[in-house]
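The values are calculated or read from the model by the stated rules, or taken from the named source; none is laboratory data. Here the structure is a predicted model, which is why all the values come from computation and not from measurement. Cβ coordinates were reconstructed from backbone atoms using ideal geometry, including for glycine residues, and neighbour counts include every protein chain displayed.
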Amino acid sequence: MKRVLLWLVAVIVLGGIITGGYFYWRSRQVTPSPSQPFNLLILGDSIAQGVGSVENDNTLETYITDSLRPRYGEFTSENKAVPGSKTEDVLNDQLTKLQREHYAALVIFIGTNDITHLVIPSKFEANYDAIAKILTAKADVVVLANIPQFSNTPIVPKSIQSIADYRTRSYNNKIDNIANSYSNMRMFNFYSFSQNRLHGETDYIGQDGFHPNDEGYKLIGEEIVQKILN
């Protein structure tokens, strides 16, 4: 019972951080770039939107576009990610607002909020599978990130880290199975990356103790670019 109560408290705390991230993101919105030959689409949650970065020029989107521009020339980067989003939000909201029928590359970070909002595994799996079917038909290359090991971030109480990590690994198994079903889908193992490179270094975590900072996003962006190119 005590462990359940601690988990609920952590959910409330994380919810506050995510809500704060949403309003932080709203204050930084910019007008999307005009359409160009190479079209990049980014979907998902606060990570995809760059919450935690100090400067607009240091978000995940910026690192990806700056790396691809020398190779492809002019292109558009369309970001529909919204902090706090769950898989159902991608399905019911983000995917209804796309400006194009097809994209050269598509990047998605989603799933963490399904865990913190206690979305049941079967619902999560059904949502993710539906998302994958739509995305793989809309892009030449789809790069999806599984759920990071957020249980080791400074904001998560040690008393619930083990159960949070168990749920993360369980949901990631479902993501792995879905990703392996599509030939144009490439998975960025965000769980392993965050475990080995991100959360072991506090220099890569933002001031909220949960999201990456500018340097953290640079590392993630480098990995995503490699997935797009390879």
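To keep it simple, each residue is scored yes or no on (1) more than 25 Å from F210 (Cβ to Cβ); (2) β-branched (V, I, T).
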residue: T65; (1), (2): no, yes
residue: F75; (1), (2): yes, no
residue: E78; (1), (2): yes, no
residue: G84; (1), (2): no, no
residue: D89; (1), (2): no, no
residue: L98; (1), (2): yes, no
residue: V107; (1), (2): no, yes
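Is it the case that D165 is within 20 Å of F188 (Cβ to Cβ), in contact with a strand residue (DSSP E or B) (Cβ under 6 Å, 6 or more places away or on another chain), of a type in the set (D, E) and surrounded by fewer than 18 Cβ atoms within 10 Å (Cβ to Cβ)? It is false that D165 is within 20 Å of F188 (Cβ to Cβ), in contact with a strand residue (DSSP E or B) (Cβ under 6 Å, 6 or more places away or on another chain), of a type in the set (D, E) and surrounded by fewer than 18 Cβ atoms within 10 Å (Cβ to Cβ). For beta carbons closer than 8 Å, sequence separation of 6+ or different chains, a first residue in region 153-180 that is closer than 20 Å to R197 by Cα and a second that is of a type in the set (F, W, Y) and surrounded by fewer than 19 Cβ atoms within 10 Å (Cβ to Cβ), the qualifying pairs are A164/W7.
Within region 73-95, restricting attention to residues that are without any contact (Cβ under 8 Å) to a residue 40 or more places away in the chain and within 16 Å of I42 (Cβ to Cβ), the residue that is surrounded by the fewest Cβ atoms within 10 Å (Cβ to Cβ) is D93. Residues that are among the charged types (D, E, K, R) and not in a helix (DSSP H, G or I) within region 144-199 comprise just one, R186.
hydroxyl-bearing (S, T, Y), at pLDDT below 95 and in contact with a Ser or Thr (Cβ under 7 Å, 6 or more places away or on another chain): does that describe T62? Against the criterion (hydroxyl-bearing (S, T, Y), at pLDDT below 95 and in contact with a Ser or Thr (Cβ under 7 Å, 6 or more places away or on another chain)), T62 does not qualify.
Pull up region 112-140, narrow it to residues that are in a helix (DSSP H, G or I) and β-branched (V, I, T), then point me to the one that is surrounded by the fewest Cβ atoms within 10 Å (Cβ to Cβ). If we take residues in region 112-140 being in a helix (DSSP H, G or I) and β-branched (V, I, T), then I134 is surrounded by the fewest Cβ atoms within 10 Å (Cβ to Cβ).
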